[in-house]
1. If I fit a long axis through the Cα atoms of helix A:185-200 and take the longest principal axis of the Cα atoms of chain A, what angle between them do I get, 0 to 90°, rounded to 10?
2. Cross-link list A:Lys105/B:Lys21; A:Lys492/B:Lys25; A:Lys25/A:Lys279; A:Lys487/A:Lys526: which exceed 31 angstrom alpha carbon to alpha carbon?
3. With charges only on Cβ, +1 for K and R and -1 for D and E, what is the dipole size of the protein assembly as shown about its Cα centre, in debye, rounded to 20?
4. Report, in degrees rounded to the nearest 10, the 0 to 90 angle that the Cα long axis of helix A:650-662 makes with the longest principal axis of chain A.
5. Nearest 500 deg cm²/dmol is fine: what mean residue ellipticity at 222 nm does chain A get from its DSSP H runs of n ≥ 4 alone, each adding -39,500 (n - 2.57), divided by its residue count?
6. Quick check: from the Cα gyration tensor, does the stretch A:11-173 come out rounded (a/c under 1.5), prolate or oblate?
7. Taking the Cα atoms of the stretch A:185-278 alone, what are Rg (to one decimal) and Dmax (as a whole number) in Å?
8. With the dipole of the stretch B:2-74 worked out from charges on the C-beta (+1 for Lys and Arg, -1 for Asp and Glu) around the Cα centre, which of B:Pro46, B:Gly32, B:Val72 lies farthest toward the positive end?
Amino acid sequence: MEEKSCPVISKHIKVALVGQPNVGKSMLINSVSNAHLHVGNFSGVTVDKTEVLFDYKGYNFTVVDLPGTYAFTDYTIEERVTHDYLCAEEYDVIINVVDSTNLTKNLQLTAELLTMSKKVVIALNMSDEAQKEGIEINAEYMSELMGVPCVKVSAVTKEGIEKLIDTVLQKHQDKKVKPKLVFSEPVEEEIAQIVWYLDKHRFQSENSYRNIAINLLKNNKKTYEKLHDNPIWTELQPILIEASKHIELHHDSDDVKEAFAEEYASFNRGIVAEVLKQKVKQEKKTITEKIDSVLIHPLFGIPIFLFFMWSLFQLTFEVGAIPMDYIDAFFGWMGDTVGATISNEDIRSLVVDGIIAGVGAVVLFVPNIIILFIGIALLESTGYMSRVAFLLDGFFHKFGLHGQSFIPLVTGFGCSIPAYMSARILKNDRDRLLTLFIIGFMSCGARLPVYVLFAGAFFSPEMAGNILFIIYISGAMIGIIAAKVLKMTVFKGVDEPFVMEMPKYRLPSLKLIWHTVLTKTMMYLKKAGTFIAGASMLVWFLSNYPHNLALEAEYAQKIAVESSANEKQKLANQRSSELLEQSYLGSIGKFSEPLFAPLGFDWKMSVALQTGLAAKEVVVSTLGVLYSLGSDVTEGDNTLVGAISKNISFASAVAFIVVIMIYLPCLAASVVFTREAGGIRYFFYLLAFTSIVAYSLAFIAYNVTRILV
Amino acid sequence: MKKLIECERGEKVRVLKLHAKDELKQRLISFGLMKEAIVEVLEQAPAKQTIEVKVGKMRLALRAQEAELIAVEVL
Ligand SMILES: Nc1nc2c(ncn2[C@@H]2O[C@H](COP(=O)(O)OP(=O)(O)OP(=O)(O)O)[C@@H](O)[C@H]2O)c(=O)[nH]1
Ligand SMILES: [Mg+2]
């Protein structure tokens with residue numbers, strides 16, 4: 001669907017994708033366009049609306065991906081996004097995406113959409129999976145019964161996609177056709193009466209009288225508001241009250257919404273019975289249920305999960321370490337080669353010691369990051385994510401967290417920004433804020449380089465993987481304890497219910513994993529090439545200026561007098577580090593050194609922590625620049641790992657890791673946090689909270705380690 | 001008549017009434033967990049803190065407090 005069409009003369013169509021969560025809306029958009037929307041096998045992957053544009057048959061399509069919603073309610077923030085969009089925005093056609101393998105439940109939302117008097121096309125997605133499960137749906141018959149076109153599609157095999165778009169085009173040109181939603185006789189009678197009444201008074205409205213009647217009976221707030229100020233209201237109200245009573249009586253319920261849900265359900269059951277044939281007899285236990293009996297086993301469930309986590313960090317370190325030497329060597333070679341071509345000493349230093357050393361230090365960890373991303377992608381796409389939320393809910397609950405908090409928290413291991421966004425799946429504002437406050441405790445991918453660097457500097461390769469695992473787990477534990485403290489003090493309140501769909505297990509396609517990991521890795525690299533390169537240049541500048549000519553001359557003289565090469569080298573190194581200390585950065589470091597002295601940090605570490613407020617990768621690049629400047633030509637090991645194990649004591653390193661684990665993730669994440677939390681004051685709370693916790697725990701860690709080691 | 005939380009693993013029951021209030025009730029209903037629905041208990045976390053049930057073709061995780069509010073009869 002690539003042929004370009006002129007944006008001016010071609011016609012525009014705006015399509016809204018609506019459906020229950022996890023039915024493949026985002027994937028469907030990916031398969032009709034070149035978009036790479038985030039896809040995952042759990043409810044609540046998409047939490048904000050996204051527009052995707054593409055051209056087809058001379059039309060400009062704008063497709064809007066909306067968060068999945070179970071019903072037309074405002075249960076969670078992300079469902080509110082969908083609801084508001086559908087009620088308030090302009091669009092031409094709704095594609096209602098449904099999961100063919102779970103039709104009855106999905107049609108529940110469809111029934112509600114059909115009372116909106118919008119043009120609707122139903123996409124029967126996952127037809128490939130339905131076929132495998134022996135489910136056959138007669139789409140033509142279904143279209144006829146419902147009065148709405150239904151098209152079988154599969155976002156994975158791309159089967160039926162063209163037909164779907166053609167149907168949307170056709171529907172767009174058609175006049176509105178009334179969908180055929182039929183209720184039980186008593187309800188139909190009440191509807192007829194209200195329709196008759198509206199008709200009698202020639203009530204002006206865009207929506208059909210029938211839909212207005214249904215919405216009124218269902219207690220739909222918006223419809224009520226519309227009619228409330230109309231003169232006919234005084235006469236209509238008693239009729240409505242009477243009608244609701246009849247319906248409630250008929251359904252033996254005191255809740256008219258429940259009564260309507262039952263009406264819809266029985267209509268849907270009728271449709272499904274007509275159009276769906278289960279050709280293969282279903283086994284007693286589905287594969288998903290068999291897997292569940294192992295993975296969420298009451299005893300083994302949690303140990304299995306911990307084992308997976310541990311394996312991931314082992315792999316991250318072990319496999320990630322293999323290409324590291326090459327990358328390191330490459331940047332070393334590049335520094336030498338590029339450096340040789342530049343004659344101006346200052347520019348040479350800027351390029352080699354600033355940009356190449358800084359960016360190189362960050363790129364070095366790309367292999368580790370890739371493995372971590374693969375792990376998260378697998379967790380997201382197989383369906384295991386919801387299982388872990390299930391396993392941990394009991395435990396989380398004790399600490400005042402909601403089981404579903406697990407999803408944003410795990411996302412936080414990748415990057416805090418999407419994690420803050422995905423906290424929207426939590427219904428309750430208090431739960432959501434609480435989760436927002438502790439997402440930062442889940443170490444994001446950008447902190448991994450710092451950990452790998454330090455674990456590699458102080459531990460044998462066999463142990464380093466375990467150390468990574470311990471760092472991540474303790475970060476998470478500290479976060480959970482922090483949650484408990486916050487819950488007992490600030491976010492007091494009742495517990496929210498926990499009801500969550502458990503998707504079926506799916507074998508993720510390699511393509512999907514590849515795309516997810518590639519997109520995230522490219523983002524990391526792009527950041528290294530832009531933001532980090534810029535920050536490295538800044539750090540370089542601050543650490544080279546102002547020039548102290550007197551000091552330089554003094555050393556030049558000393559070196560000239562000295563005869564032994566060894567002594568010359570020593571003096572050169574001494575010169576470098578003295579120059580560095582009196583630079584701008586050195587002054588900043590020296591100024592803040594007393595603050596960090598109780599944690600055992602030298603001024604370079606203090607500076608790295610401060611630049612790390614911009615982004616955690618900058619910690620590594622700053623250390624890279626500072627240590628490559630401080631010791632120009634060194635004896636033996638001149639890697640950053642070597643420099644760190646030589647210059648930093650073990651206790652200081654532990655304290656440093658603790659601070660990195662806890663303090664603010666980065667500038668960009670802080671901005672998103674502020675937006676999601678809903679006010680700048682929350683940012684200051686977060687800043688104070690994390691700084692205090694980080695400082696106190698680092699202080700304890702430093703002193704305990706010093707006593708023990 | 002008993003509560004859903006009192007059911008054992010593998011038991012199949014029919015829903016009689018939802019004692020949940022407003023929003024939670026709406027949510028359960030939108031999951032298909034409504035009067036007359038057939039529910040099967042699939043898995044239980046330790047001490048039945050959380051349970052996994054099957055409603056129609058869908059699996060649902062519920063916390064004990066919520067399962068407490070669903071009156072069922074054994075089939
Ligand atoms: N077999 C099969 N799997 C599909 C198909 N469409 C989507 N999936 C899978 O279904 C899962 C959900 O896909 P998404 O596109 O994230 O679903 P969504 O509707 O956008 O979900 P939310 O954003 O949470 O509302 C993913 O694991 C997809 O790989 C399909 O046609 N066939
Ligand atoms: Mg989506």
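1. On a 0 to 90 degree scale, this one is about 90.
2. Table pairs above 31 Å Cα-Cα are A:Lys487/A:Lys526.
3. Values: 78 positive and 86 negative charges, 150 e Å.
The dipole magnitude comes to about 720 debye.
4. Result, in degrees: 30.
5. -20000 deg cm²/dmol
6. Since a/c stays below 1.5, the shape of the stretch A:11-173 is classed as rounded.
7. Expressed in Å, the Cα Rg and Dmax of the stretch A:185-278 come to 14.7, 52.
8. Toward the positive end, the furthest listed residue is B:Gly32.
Computed from the coordinates by the stated procedures, all read-outs in this text should not be read as laboratory data. All values reported here derive from a predicted model rather than from experimental measurement. Cβ sites come from the backbone with ideal geometry, for glycine too, and all protein chains shown count toward neighbours.
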